[in-house]
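These notes are about the structure you will find just below.
The values are calculated or read from the model by the stated rules, or taken from the named source; none is laboratory data. Bear in mind that the values here come from a model prediction, so they are computed numbers and not experimental data. Every residue, glycine among them, receives a Cβ derived from its backbone with ideal geometry; neighbour counts consider all protein chains shown. In case anyone asks, the SASA skips ligands and DNA or RNA and just uses the protein heavy atoms, side chains included. Shrake-Rupley method; radii C 1.70, N 1.55, O 1.52, S 1.80 Å.
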Amino acid sequence: MTRTVVRKCQGCAKISDRENFIKITLNEGKLHINPSSKVLGRSLYICPDIKCIKNVIKKKRLMTALKFKNFEEIQTVEAELLKMV
């Protein structure tokens, strides 16, 4: 019996399987986009939709959800997210 793991999008609050989301993990002071499940750390999930990504950027969810204050790295990750979609 397989158990599906569900997560909630930080942009639109949609709940779905975690495979349907973009995962951003904070590990040892570095942000990782879509790491393997073996990378542990504080994470947030975003739908692969431009509206959700822009909503997360606008509401500064990367800083608040991950409790991370490195503005240069956050801006780099935000730019990478916009290129992904």
Per the filter on the stretch 10-26, residues open to solvent by 40 Å² or more (accessible area, probe 1.4 Å) and under 13 Å from the mean Cα position of the chain (by Cα) are GLN10, CYS12, ALA13, ARG18, GLU19, ASN20
List the pairs whose first member sits in the stretch 61-83 and is in contact (Cβ under 8 Å) with a residue 24 or more places away in the chain, whose second member is of a type in the set (S, T, N, Q) and open to solvent by 20 Å² or more (accessible area, probe 1.4 Å), and whose Cβ atoms are under 9 Å apart, counting only residues at least 6 apart or on separate chains? ARG61/GLN10; ARG61/ASN55; LEU62/GLN10; ALA65/GLN10; ALA65/SER43; LEU66/SER43
Out of (1) touching a residue at least 12 places away in the same chain (Cβ under 8 Å); (2) surrounded by fewer than 11 Cβ atoms within 10 Å (Cβ to Cβ), the odd one out for SER36 is which? (1)
Quick one: is LYS54 over 13 Å from the mean Cα position of the chain (by Cα), open to solvent by 80 Å² or more (accessible area, probe 1.4 Å) and not hydrophobic (A, V, I, L, M, F, W, C)? no
